[in-house]
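Chemist: Supplied in structure tokens, the structure appears directly below.
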Amino acid sequence: MTQNTKLTLALEAIDRANRADPNREQVEGESLPKEYAYSLHMTRWLFALEAEPSERMQIACRAQHIERWTIPRSDFGEGRKNYYQWRQACGRMHGRRAAEIMAECGYPQDECERVETILTKRELRNDPDTQLLEDVACIVFLERYFAQFYEENPDYDKEKWLTIVRRTWAKMTPRGHEAALQLAGNLPPHLLALLQEALSETGE
């Protein structure tokens, strides 16, 4: 089996898994399963940042949220500590599922383990592939989900929102920052003002 065929099979398997999401998202007037839609946003931005991404990065970005709905946030309780425990549990599951799919499609064990490591983000800051995944995820959040997240949390005060923006920005590389700034003009005015205020203190 050729490398290209294995990649096609892996991406198709991930797409089938994510199309089972019972939650929906509107994308250009079309209702799509939410995590399938998310995976397409991730792929689009991966190619925007990296003209010729590796197969493992294409798989990692497509599987970033694979079957996330099966681990509800509500199972982990309220608070920041519980939120991070949920995120870590999701990352482990995403990595394991991606590795399983890759193995079924004929990828060698070392490549399966590599993608699993990327998705768990254990080597963030130290590994270029993991950092690229984080850049893509942060940009997708700012473009597609920041406004919705803002509306869903009216109890957050301004300082908390500034902290969220600063933390998101701190996870990204200069390449990610540049791409994020290019799309910032499409944000609603109140979110653009929030972003500008948060970045004014970072020197951006």
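The values are calculated or read from the model by the stated rules, or taken from the named source; none is laboratory data. Here the structure is a predicted model, which means the values were calculated and not measured. Don't worry about glycine lacking a Cβ; one is built from the backbone with ideal geometry, like all the others, and counts go over all protein chains shown.
Chemist: Condition first: of a type in the set (D, E, K, R), more than 29 Å from Arg56 (Cα to Cα), modelled with pLDDT of 90 or more and not assigned by TED's automatic domain parsing to the domain that holds Ser54. Can you find one or more residues in the stretch 134-148 that meet it? Don't jump to the end; show me each part of the working.
Modeler: Of the stretch 134-148, the ones of a type in the set (D, E, K, R) are 134-135, 143-144.
Subset that is more than 29 Å from Arg56 (Cα to Cα): none.
Checked the stretch 134-148: no residue is of a type in the set (D, E, K, R), more than 29 Å from Arg56 (Cα to Cα), modelled with pLDDT of 90 or more and not assigned by TED's automatic domain parsing to the domain that holds Ser54.
Chemist: If only one of Leu32, Leu46, Leu9 is in contact with a strand residue (DSSP E or B) (Cβ under 7 Å, 6 or more places away or on another chain), outside the structural domain of Glu134 (by TED's automatic domain parsing) and not in a loop (DSSP other than H, G, I, E, B), which one is it?
Modeler: Leu32 is the lone residue from the list that is in contact with a strand residue (DSSP E or B) (Cβ under 7 Å, 6 or more places away or on another chain), outside the structural domain of Glu134 (by TED's automatic domain parsing) and not in a loop (DSSP other than H, G, I, E, B).
Chemist: If you check Glu143, Glu197, Glu159, which single one turns out to be part of a helix (DSSP H, G or I) and either hydrophobic (A, V, I, L, M, F, W, C) or without any contact (Cβ under 8 Å) to a residue 12 or more places away in the chain (or both)? It would help to see each step written out before you state the result.
Modeler: Values: Glu143 fails: either hydrophobic (A, V, I, L, M, F, W, C) or without any contact (Cβ under 8 Å) to a residue 12 or more places away in the chain (or both); Glu197 fails: either hydrophobic (A, V, I, L, M, F, W, C) or without any contact (Cβ under 8 Å) to a residue 12 or more places away in the chain (or both).
It is Glu159.
Chemist: Can I ask one more? Could you please give the count of residues in the stretch 163-198 that are within 26 Å of Glu123 (Cα to Cα) and either surrounded by 11 or more Cβ atoms within 10 Å (Cβ to Cβ) or in contact with a Lys or Arg (Cβ under 9 Å, 6 or more places away or on another chain) (or both)? Write out each step before concluding.
Modeler: Taking the stretch 163-198 as the starting set, the residues that turn out to be within 26 Å of Glu123 (Cα to Cα) are 163-181.
Those still in the list that are either surrounded by 11 or more Cβ atoms within 10 Å (Cβ to Cβ) or in contact with a Lys or Arg (Cβ under 9 Å, 6 or more places away or on another chain) (or both) too: 163-169, 171-173, 175-181.
Residues meeting the conditions: 17.
Chemist: Here's a follow-up. How many residues, within the stretch 81-111, are surrounded by fewer than 18 Cβ atoms within 10 Å (Cβ to Cβ) and either farther than 19 Å from Arg122 by Cα or not assigned by TED's automatic domain parsing to the domain that holds Leu9 (or both)?
Modeler: Of the residues in that region, 4 qualify.
Chemist: With respect to Ala103, determine if the residue is more than 28 Å from Ala180 (Cβ to Cβ) and assigned to a helix (DSSP H, G or I).
Modeler: Details: more than 28 Å from Ala180 (Cβ to Cβ): yes; assigned to a helix (DSSP H, G or I): yes.
Yes.
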